[in-house]
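For reference, the structure discussed in these notes is given below.
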Amino acid sequence: MGTVTIGVSIAVPEPHGSLLQELRAGFGDPAAHGIPTHVTLVPPTEVESGALPAIEDHLTAVAAAGRPFPMRLSGTGTFRPLSPVVFVQVVEGGSACSWLQERVRDTSGPLVRELQFPYHPHVTVAHGIAEEAMDRAYEELAEYEAEWPCTGFALYEQGADGVWRKLREFVFGGTTVPPQAGAPAARGTLPAR
């Protein structure tokens, strides 16, 4: 039957997702256009393609137990020198992301997986590129801000072309998102240059 490479993540919604993806490409990251902007819950994982229905059932159950929560990104961080990554920080919603990824990777479920590094929710904006470009990403996005109500997560599959494509979305059990104190549903700012 063969294997497929999957991942589970929270998509960064528009207009933030496309903006960060374009910036990532502009920093010289060749993978930028093949990776939708996201917060990882389960990193790339190879599974038997026949296991997908069980994985989808598991993710449906995790989503049913979840509730919408506010997500806010602010400023940059890096995993260098341990890993060649610059990211935008998750400053609100991180504990909910941690809760979700623990449930998704639960030892009784089909996505049990050891992580290479401790889980740290973030949005990658540069990976494995020249140090000068990584520095530029870190500096140029230092004042970046975005927020939105997170209402679920998605299952993605990496194609033979290296591009990640959404297979299915999983909406949290709470069907409505509470208003964010009169704030617009999603907003973000990029510092003036």
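You will find that of 162, 174, 182, the residue that is on the phi > 0 side of the Ramachandran plot, exposed (fewer than 15 other Cβ atoms within 10 Å of the Cβ) and at pLDDT below 50 is 182 and no other. Taking residue 133 as the residue in question, decide whether it is surrounded by 17 or more Cβ atoms within 10 Å (Cβ to Cβ), among the small types (Gly, Ala, Ser) and farther than 23 Å from residue 53 by Cα. So residue 133 does not fit the description; no.
Here residue 149 meets each of (1) within 24 Å of residue 15 (Cβ to Cβ); (2) modelled with pLDDT of 90 or more; (3) in contact with a His (Cβ under 9 Å, 6 or more places away or on another chain) with one exception, condition (3). Return yes or no: is residue 112 outside any helix (DSSP H, G or I) and at pLDDT 95 or above? Considered against the rule, which asks whether it is outside any helix (DSSP H, G or I) and at pLDDT 95 or above, residue 112 comes out as no. Of the residues 154, 96, the single one that is under 22 Å from residue 16 (Cβ atoms), in a helix (DSSP H, G or I) and within 18 Å of the chain's Cα centre (by Cα) is 96. Tallying residues that are touching a strand residue (DSSP E or B) at 6+ places or on another chain (Cβ under 8 Å) and either in a loop (DSSP other than H, G, I, E, B) or polar (S, T, N, Q) (or both) within the stretch 157-175 yields 3. For the stretch 1-33, the set of residues classified as out of contact with any strand residue (DSSP E or B) (no Cβ under 8 Å at 6 or more places or on another chain) and acidic (Asp, Glu) consists of 14, 22, listed by residue number.
In the stretch 96-112, the residues that are of a type in the set (S, T, N, Q) form Cβ pairs under 9 Å with partners that are loosely packed, with under 14 Cβ neighbours inside 10 Å and part of a loop (DSSP other than H, G, I, E, B), at six or more places apart or across chains, as follows: 101/115.
Taken over the stretch 8-36, residues that are buried (at least 21 other Cβ atoms within 10 Å of the Cβ), modelled with pLDDT of 95 or more and not in a helix (DSSP H, G or I) amount to 5.
Counting the residues of the stretch 65-89 that are aliphatic (A, V, I, L, M), modelled with pLDDT of 95 or more and either part of a helix (DSSP H, G or I) or closer than 21 Å to residue 29 by Cα (or both) gives 3.
Residue pairs whose Cβ atoms lie under 9 Å apart, separated by 6 or more positions or on different chains, with the first residue in the stretch 143-155 and under 13 Å from residue 62 (Cα atoms) and the second part of a strand (DSSP E or B) and of a type in the set (S, T, N, Q), are 153/9; 154/9; 155/9. Of all residue pairs spaced 6 or more apart or on separate chains, those with beta-carbon atoms under 6 Å, a first member in the stretch 53-77 that is at positive phi and a second member that is among the aliphatic types (A, V, I, L, M) and at pLDDT 95 or above are 75/142. Here residue 142 meets the list (1) touching a Ser or Thr at 6+ places or on another chain (Cβ under 8 Å); (2) part of a loop (DSSP other than H, G, I, E, B); (3) surrounded by 14 or more Cβ atoms within 10 Å (Cβ to Cβ) almost entirely, failing just condition (3).
The values are calculated or read from the model by the stated rules, or taken from the named source; none is laboratory data. Not measured: the values here are computed from a predicted model. Because the Cβ atoms are built from the backbone with ideal geometry, glycine has one as well, and the counts that use them run over all protein chains shown.
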